[in-house]
Structures are given as C-alpha cells and as structure tokens.
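Just below is one structure, and these are the notes that go with it.
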Amino acid sequence: MIFTIDPHQISIHYEHAEPVQIDWDDVYSVSYYKIDCIEYEMGYLVFDFVYGEFIEINDSDHNWEKIVNDLEKYLPSQTSDWRHSLHSWSIDDGILYLYEKV
C-alpha cells in the first residue's frame with residue numbers, strides 16, 4: 001500500500017486494485033501516536049473522516065516524510081509547534097492532535 005497526497009486528496013494505492021481517493025474536505029481530524037514494538041518505536045498518523053472511517057499511515061510507509069512535510073499545505077494545523085512535537089513524541093505522551101475540522 002502506498003499513500004500519496006496532493007492539493008485535492010489523499011490517495012491510497014493498493015497493489016492489485018484501483019487507488020482510493022479521499023478529498024481533504026472529508027478529513028475530520030489528524031492525530032499522531034507511537035507504539036512500542038519491543039526493538040523500536042513506530043509512529044502513526046491517523047486520518048479520521050467525517051463519515052466515521054479512518055486510515056493510519058506509519059512512519060515506515062513509502063512517502064511518510066513527504067506526507068508529513070506537505071500536510072500543513074492542505075490542512076491548517078491548530079497546533080503551531082506540531083512538527084517539533086512530532087519528532088520528540090514518545091509512546092508515553094499519548095495522542096498528539098495535529099488538525100481538527102472546525
């Protein structure tokens with residue numbers, strides 16, 4: 001599975017299926033958390049949608065850095081220092097909220 005984002009949508013590309021596109025207007029919130037995988041920690045971005053579903057992107061997914069770097073272009077964050085917090089976040093910190101639709 002490969003995730004891409006552009007000014008209009010998030011696209012999820014599956015190996016043997018048509019891509020799924022989700023418009024930015026359908027994103028209700030974006031949050032971040034980390035889990036302990038014993039030998040390493042893994043970070044997840046969670047996109048919650050207005051219709052009740054969600055997708056998670058982990059920090060080992062293809063395009064992770066581009067998605068994180070471009071996120072503010074498409075969703076205005078209410079947390080001004082979220083980029084700094086994202087890099088220093090730990091599993092004990094719980095959930096970091098990056099965006100919530102107003």
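Rounded to the nearest 0.05, the FRET efficiency derived from the C-beta distance between Trp24 and Ser90 at R0 = 35 Å is 0.75. Going 7 Å from the Cα of Ile55 in the Cα-to-Cβ direction, what parts of the stretch 8-23 have a backbone nitrogen less than 12 Å from that spot? Counting only backbone N, you get 9-15, 18-23.
Computed over the chain, the alpha-carbon pair-distance distribution with 5 angstrom bins reads 2, 12, 23, 26, 20, 11, 5, 1, each value a whole percent. A simple charge model with +1 on the Cβ of Lys and Arg, -1 on the Cβ of Asp and Glu and nothing else charged puts the dipole of the stretch 24-100 at about 220 debye relative to its Cα centre.
Since every read-out is calculated from the coordinates, none of them should be taken as a lab result. Remember, predicted model here, so these are calculated numbers, not experimental data. A quick note on method: Cβ atoms are made from the backbone with ideal geometry, for glycine too, and the neighbour counts reach across all protein chains shown.
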